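Since every read-out is calculated from the coordinates, none of them should be taken as a lab result. Just so it is clear, the structure is predicted and the values come from calculations on it, not from any experiment.
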Amino acid sequence: SMHLIVTDTREEAVNRAAGFIAGLVAQRGDPVLGLATGRTMEDVYRALVARHEQEGLDFSGVTSFNLDEYVGLGPEDVRSYHHYMRSLLFDRVGMPSSHTHLPDGTAHDPDAECAAYEKAIREAGGIDLQLLGIGDTGHIGFNEPPSPFDSRTRCVRLDRQTREQNAAMFGNDPDAVPDRALTMGVGTILEADSLLMLALGSAKAEIVARALEGPVGPEISASAIRLHPRCTVILDARSASAL
Ligand code: GLP
């Protein structure tokens, strides 16, 4: 039931992913989108902004929940995922902050914040479409290995490899990257009505092959998507090259 799409170019892969999301927004009007961050998604959000500006794609009814946020970074911090989302998507397509949700990395009680986040997802009626990238450790969201497939939104410790992967936003210093994050759990992600994973470039080829063809289990949290009944994976030729 996993639908795999491999495109020749990076641009086609991005356009397929953006088209998938835009189709749901146009058809439903008020979907609940699960959103992801990372460099891969920057191009997807640019493509969605272009559809808003050029075709009038209307985001005013959309509700969103992001996968994760760094512990200790407030929404005004340019390195936070709050800031990433506002600058790349929310402010550009007119999604008011009352419609958008990310875990609060500055919450004094992280456990309470994570429980409240789960409750907010439930009260919104659940996530219709969850967008996913993949990290070098095989994570979805920030679900570092091992992450049980029934894990929920919680505070996690980030692997060294993940802090290295994301160091560009932190002056290329992995030690400056927060060592903890709040993330939706694998179980939370699997409850979305459908999943859309996007991976680009040769640097992702090996981990993509392990996630899609290796053992399904908590050592590679991305492998969990193979258990979902409605899952689409979009790859460019480079990220698919080890399949
Ligand atoms: C971060 C996010 C992940 C994302 C990953 C991929 O770790 N928490 O959800 O999948 O980045 O990053 P990139 O797209 O920059 O390779």
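Observations on the structure shown:
- Secondary-structure-derived ellipticity at 222 nm for the chain, considering helices only, amounts to -9500 deg cm²/dmol, per-run term -39500 (n - 2.57) for DSSP H runs with n ≥ 4.
- Cα gyration tensor shape of the range 127-243, rounded if a/c is under 1.5, else prolate or oblate by comparing a/b with b/c: oblate
- Beta bridge orientation in the chain: antiparallel %, DSSP, nearest 5: 25 percent
- Computed from Cα atoms alone, the Kirkwood hydrodynamic radius reported for the range 156-197 is 11.8 Å.
- Relative frequency of Cα-Cα separations exceeding 23 Å in the range 19-168, percent: 35 percent
- Taking the C-alpha atoms of the range 102-175, convex hull volume expressed per residue in Å³: 118 Å³
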